[in-house]
Amino acid sequence: MTTTGPSLQQLVTDYVDQKRDRLIELTQNLVRIPSENTPPTGAERACQEYIAQVLRAAGWQPELYELDQVKGLHEHPLFQSGREYKNRPNLGARLKGSGAGRSLILSGHIDTVPRGTQPWTRDAFGGEREANRIYGRGSNDMKAGAAMNLFIAESLAQLGLHLAGDLVFETVIDEEFGGVNGTLAGRLHGFNGDAAVISEPSFLRICPAQRGGRTAHITFRASGGVLADGAFPSGVVQQVTHFLNKVPEFAAARRHKAQIHELYQGQQDPVPVSITKIFTSPWGTGEPITVPEECKVEFYWQLMPGEQQGDVEREFFDWLDCVVSSAPGLFPSRPDVTLPIRWMPGSAILKSEPLVRELAGCAEAVLGAEPPIVGIEGPCDMFVFHQAFSIPAVLWGPRGGNTHAADEYVEIDSLVDATKALMLFVCRWCGLAAA
């Protein structure tokens, strides 16, 4: 069988359609095993052990390895200290090809954000299926993507397909909250290839680029309590109000100054600025009625590929100093600022890369139309492949919703289509060995 003829495409699409329930089952099973990342700790082991069990049954030899065992990890400039990795293994496996083809990494993170305190209408770890959706924490980000990769790994032997190039499967830990150490460990431990597909929920778009991101925690302080005449001071409230009124100016300046990458041209706001949390004091009648003395704000802004950390941070602090100096009566000093999550740079490869062009061809064959080739709307771990190891990498995965929120879900039909395209691409990229 050739890697280019219609017979291979028909074989792949028919197989995925016939085994659709297995793909759904793998996704549900992964969702039903919590793997929450709660820095500095996490609970990914049980999910990794399940994946290892499936791979072994399919003839693979997966390796579960602790990050602290990876040589050179702690010394690498991208390593972020302050995380605990006991009983949080990475998983990697390599299916050796005949030696005549190109190698490929199917990568994904197995950790999820926590369930959170938002009210769910479904069991967050139930993997419930309703119409075209599977619900649960991590269903979209990114256990459906991990299930897609696992399904492909399982399917090769069942179809009797022998690859010419090596296929690497991995599920890494600690990607959420700017972790990245798991992805870095996979590269240093030798699970590398000529290219990588990271199965993030790209909404059936090929994404060779990611935005960068920076998070600041800003603490405002002023006198609180109740004054002698019974009035309430308004210092911290006025500080935060003044600050929030200035945020649109920062956002406008970012849009004006940032050089918009070609893969983000046409987006309404390619460098968004967001307030993601505001906290003063506990809510309810268990607390006295008084004006808070402190308010914490989480400030998050995104970046284009090519922007440098020093320039980005300097721009932010210069703007914050201007906010403070514009109201000296409100701010006796600049609010305290910490940067709690690692610097996440933007990153991109060219649309002309063979990885991008050939995956697009497979997706078009399955979808009946050329897929969009754009940058993803946020940061992720792809920059490690691009910038630290010069491995071409793209994001490719299904469509879903409520990511990082209550009632997260993935759309089943899009998962099926994403799997067909990726499985066809694996066969074409790696090549099929002669029988």
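Laboratory data are not the source of any read-out in this text; all were calculated from the coordinates shown. Remember, predicted model here, so these are calculated numbers, not experimental data. A quick note on method: Cβ atoms are made from the backbone with ideal geometry, for glycine too, and the neighbour counts reach across all protein chains shown.
In square nanometres and to one decimal, what's the mean projected area of the convex hull around the Cα atoms of the stretch 171-300?
12.9 nm²
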| query | From a point 7 Å beyond the Cα of Ile289 in the direction of its Cβ, which residues of the stretch 234-252 have a backbone N at a distance under 17 Å? | reply | 234
| said: Give me the three principal axis extents of the stretch 1-143 from the C-alpha atoms, as integers in angstrom, largest value leading. | reply: 51, 45, 26
| field | Whole-angstrom gap from the stretch 278-345 to the stretch 360-418, using each part's C-alpha centre | value | 32 Å
| query | Which lysines, on any chain, are close to Lys246 with Cα under 25 Å apart, when same-chain ones fewer than 8 places away are left out? | reply | Lys257, Lys277, Lys296
| remark: Here the stretch 355-370 yields Karplus 3J(HN,Hα) values (6.51, -1.76, 1.60; θ = phi - 60°; whole Hz; Gly and Pro given as x) of 4, 5, 5, 6, 5, 4, x, 5, 5, 5, 4, 7, 7, x, 8, 5
| For the chain, what is the largest minus smallest coordinate of the Cα atoms on each principal axis, given in angstrom and ordered from greatest to least? | 89, 45, 44
| note | Computed curve, the stretch 342-435, Cα-only Debye sum without solvent term, log₁₀ I(q)/I(0) at 0.20, 0.21 Å⁻¹, is -1.14, -1.20
| Reachable aspartates and glutamates from Lys96, Cα under 12 Å, same-chain residues fewer than 8 places away excluded? | Asp166
| message | Show log10 I(q)/I(0) for the stretch 89-142 at q = 0.15, 0.30 Å⁻¹, two decimals, from a solvent-free Debye sum over equal Cα scatterers. | response | -0.63, -1.25
| So what J values fall out for the stretch 148-163 if you push phi through Karplus, 6.51 cos²θ - 1.76 cosθ + 1.60 with θ = phi - 60°, rounded to Hz, Gly and Pro as x? | 4, 4, 5, 4, 5, 4, 6, 7, 4, 5, 5, 8, x, 8, 10, 7
| request: Check the straight Cα-Cα distances from Lys86 and name the aspartates and glutamates below 20 Å, setting aside those fewer than 8 residues away within the same chain. | output: Glu36, Glu44, Glu49, Glu63, Glu66, Asp68, Glu75, Asp111, Glu170, Asp174, Glu175, Glu176
| request: For the stretch 258-299, give the magnitude of the charge dipole about the Cα centre (Cβ charges: +1 Lys/Arg, -1 Asp/Glu; no others), in debye to the nearest 20. | output: 40 debye
| Excluding Ala164 itself, what net charge comes from residues whose Cβ is under 13 Å from its Cβ, given Lys and Arg +1 and Asp and Glu -1? | +1
| query | Taking the Cα centre of the chain as the origin and placing charges on Cβ (Lys, Arg +1; Asp, Glu -1), which of Thr290, Tyr135, Ile152 is farthest toward the positive end of the dipole? | reply | Ile152
| Diffusion coefficient, µm² s⁻¹, Stokes-Einstein with Kirkwood Rh over alpha-carbon pairs of the stretch 281-358 at 37 °C and 0.692 mPa s | 195 µm²/s
| Where the only charges are on Cβ atoms (+1 Lys, Arg; -1 Asp, Glu), what is the dipole of the chain about its Cα centre, to the nearest 20 debye? | 500 debye
| task | Taking the chain as the reference, fit the longest principal axis to its C-alpha atoms, fit the long axis of helix 235-257 to the helix C-alpha atoms, and give the angle between the two in degrees, 0 to 90, nearest 10. | result | 50 degrees
| message | Applying a 10 Å radius around every beta-carbon, put 53-63, 149-159 in order of their mean neighbour count, most first. | response | 149-159, 53-63
| query | Relative to the longest principal Cα axis of the chain, at what angle does helix 45-57 sit, 0 to 90 degrees, rounded to 10? | reply | 10 degrees
| query | Local charge sum around Phe389 (other residues, Cβ-Cβ under 14 Å, Lys/Arg +1, Asp/Glu -1)? | reply | -2
| remark: Note, the stretch 202-218: 3J(HN,Hα) by Karplus (6.51, -1.76, 1.60, θ = phi - 60°), whole Hz, Gly/Pro = x, goes 8, 6, 6, 10, 8, 10, x, 9, 10, 6, x, x, 9, 10, 10, 9, 10
| note | Checked against the positive end of the charge dipole of the chain (+1 on Cβ of Lys and Arg, -1 on Cβ of Asp and Glu, about the Cα centre), the farthest of Gly212, Ala258, Val356 is Val356
| note | Surrounding charge for Gln61, neighbours by C-beta under 12 angstrom, Lys/Arg +1, Asp/Glu -1, total +2
